[in-house]
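Structure record follows, encoded as structure tokens.
Read-outs: derived from the displayed coordinates by stated rules, not from any lab. Predicted, not measured: the structure shown is a model, and the values here were computed from it. Neighbour counts are summed over all protein chains in view; Cβ atoms, including those assigned to glycine, are modelled from backbone coordinates with ideal geometry.
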Amino acid sequence: MFTRRTRFGYRRQIMTPPETRAYEREVATHVKAALQRHGHSIYLGPLSVRVEFFFHDRHVRRHHTKAPDLDNLLKALFDALNGVLWKDDRQIDFITAAKRFTQGESYIALQVVEDHSLPDLGAQAVPPRSAPLASTDDSTGK
């Protein structure tokens with residue numbers, strides 16, 4: 001389940017490592033089979049996704065900093081599911097993700113919900129990059 005990051009090669013060509021391509025093919029094959037078994041078709045609208053990556057480890061810890069990075073795991077998984085589970089991963093407008101260690105087998109738990117409204121993040125939400133971080137009073141410059 002470990003994947004390697006896409007790299008830029010000679011003349012700035014994008015190169016996906018063979019291990020990552022093999023992983024993406026394996027994921028796509030499993031998901032296609034599950035979709036056929038359950039009579040599902042590809043998602044076309046906005047989506048919310050919850051993903052948990054479980055890795056085998058003899059010494060289960062609650063918090064860890066082991067590789068691979070969560071963002072790289074998500075990228076490889078989402079790339080594998082483009083055209084298989086959803087048309088394009090641009091449809092995803094809300095993600096909840098975690099990586100965990102377990103004494104059992106490694107696996108991925110994936111939940112996809114077609115959504116038409118985003119969950120309320122409340123006061124803890126981080127403002128968009130273009131939004132000011134603090135309000136200022138234009139008349140005083142403070």
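If the segment from Asn72 to His59 were pulled out straight at 0.36 nm per residue, it would be longer than the present Cα-Cα gap by 2.4 nm. Within the stretch 17-117, all pairs of alpha-carbon atoms sorted by distance into 10 Å bins from zero give the percentages 14, 44, 32, 9, 0. Taking a point 7 Å out from the Cα of Leu44 in the direction of its Cβ, the residues of the stretch 77-108 whose backbone N falls within less than 17 Å of it are 83-92.
Once C-alpha pairs closer than 8 Å and six or more residues apart are averaged by separation and normalised to the residue number of the stretch 17-117, the relative contact order reads 48 percent. Non-local lysine pairs in the stretch 17-117, meaning eight or more places apart or on different chains, with alpha-carbon distances under 22 Å, amount to 6.
Taking amide H positions as modeled 1.01 Å from N, with prolines and chain starts lacking one, the residues under 5 Å from Trp86 and 5 or more places away or on another chain are Tyr43. By the count of other C-beta atoms within 10 Å, a proxy for reagent exposure, His59, His30 are ordered fewest to most as His59, His30. Charges only on Cβ, +1 for Lys and Arg, -1 for Asp and Glu: so what's the dipole of the stretch 17-117 about the Cα centre, in debye to the nearest 20? My answer is approximately 320 debye. Taking label points 7 Å from Cα along the Cα-to-Cβ direction, Ala109 and Thr29 give a separation of 2.6 nm.
By the beta-carbon count within 10 Å of each Cβ, the least crowded to most crowded order of Leu70, Leu85, fewest first, is Leu70, Leu85.
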